[in-house]
Amino acid sequence: RERLSDLRAQMAANRLGVERMQGLCAKYGTATVLAAGDALQDYAERKMRAGIAAIPDGTYSFADRFDAPEIDGELAMGCTITVAGDAMRLHFDSPPQARAGINCTYTALLSAVYYAVKTVIDPTILPNAGLTRPLTVTAPAGTVLNCTHPAAVNGRLSACQRVVDLIHGAL
């Protein structure tokens with residue numbers, strides 16, 4: 001019953017979003033609305049590139065350990081960040097995916113990376129696809145930070161937070 005209520009709320013929010021977009025397109029024209037969206041993404045990209053360019057070119061690394069109640073012991077995790085001009089490459093190393101629900105999907109890794117980099121570069125950058133353009137993110141498939149099906153992922157938030165820690169440590 002609660003899930004059905006949540007689903008209805010999500011559908012209502014999506015419906016409202018569609019109605020508002022249709023209203024904007026009717027008022028200003030579809031081409032103008034699309035151009036404004038493109039301009040906002042380009043603006044976010046320019047700000048991200050300018051912030052990255054302010055960091056001296058080089059390679060920055062940080063390694064740490066991760067523990068969780070679902071696993072025995074600790075897992076080693078690391079991040080290597082390469083800054084070249086106005087672009088940044090982030091590579092993550094972690095152990096093979098675990099049977100516990102601590103694994104991150106690649107999209108969860110990306111979300112944590114975008115958040116962490118934005119907090120370091122410029123928290124005022126608009127949160128849209130433009131800020132992601134100068135970033136390249138890699139992690140070996142089948143690992144805790146880039147798991148593959150059928151990995152358990154329900155508790156991935158703690159591993160995602162460790163990704164933020166790794167990036168902040170490296171930078």
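The values are calculated or read from the model by the stated rules, or taken from the named source; none is laboratory data. This is a predicted model, so every value here is computed, not measured. Don't worry about glycine lacking a Cβ; one is built from the backbone with ideal geometry, like all the others, and counts go over all protein chains shown. Keep in mind that these areas ignore ligands, DNA and RNA; they rest on the heavy atoms of the full protein, side chains included. Shrake-Rupley method; radii C 1.70, N 1.55, O 1.52, S 1.80 Å.
Once C-alpha pairs closer than 8 Å and six or more residues apart are averaged by separation and normalised to the residue number of the range 40-171, the relative contact order reads 34 percent.
The length gained on full extension between residue 55 and residue 141, counted as 0.36 nm times the residue separation minus their Cα-Cα distance, comes to 28.1 nm. Computed from Cα atoms, the angle from the helix 106-121 axis to the main principal axis of the chain rounds to 80 degrees.
Taking a ≥ b ≥ c as the square roots of the Cα gyration tensor eigenvalues, the range 92-171 comes out prolate, since a/c reaches at least 1.5 and a/b is larger than b/c.
Computed from the C-beta positions of residue 31 and residue 126 and an R0 of 35 Å, the FRET efficiency is 0.95 to the nearest 0.05. Applying the Karplus relation 6.51 cos²θ - 1.76 cosθ + 1.60 with θ = phi - 60° to the range 82-91 yields 3J(HN,Hα) values of 10, 9, 9, x, 10, 10, 9, 10, 10, 10 Hz, where x marks Gly and Pro. Working note: Karplus 6.51/-1.76/1.60 with θ = phi - 60° gives the range 95-104 the couplings x, x, 3, 9, 6, 6, x, 8, 6, 9 Hz, where Gly and Pro are set to x. Any idea what angle helix 2-28 forms with the longest principal axis of the chain, computed on alpha-carbon atoms, 0 to 90 degrees, nearest 10? Value to nearest ten degrees: 50.
For the range 1-144, the dipole from Cβ point charges (+1 on Lys and Arg, -1 on Asp and Glu) about the Cα centre works out to 660 debye, to the nearest 20. With springs connecting C-alpha atoms under 10 Å apart, model the chain as a Gaussian network and identify which of 49, 65, 20 has the largest mean-square fluctuation. Result: 20 has the largest fluctuation of those listed. Against the chain, whose longest principal axis is taken from its Cα atoms, helix 30-53 shows a tilt of about 30°. Dipole check for the range 74-171: with +1 at the C-beta of Lys and Arg, -1 at the C-beta of Asp and Glu, and the Cα centre as origin, the magnitude is about 200 Debye. Rolling a 1.4 angstrom probe over the protein heavy atoms with all chains in place gives the chain an accessible area of 58 Å² per residue.
Within the accessible area of the chain, the carbon and sulfur atoms contribute 56%, probe 1.4 Å, all protein chains present.
Per residue, the average separation of C-alpha pairs within less than 8 Å and at least 6 apart gives the range 67-127 a relative contact order of 22 percent. Full extension of the segment from residue 87 to residue 16, taken as 0.36 nm per residue of separation minus the current Cα-Cα distance, would add 21.9 nm. For residue 138, the amide hydrogen comes within under 5 Å of the amide hydrogens of 90, 91, 92, counting only partners 5 or more places away or on other chains and with H modelled in the peptide plane.
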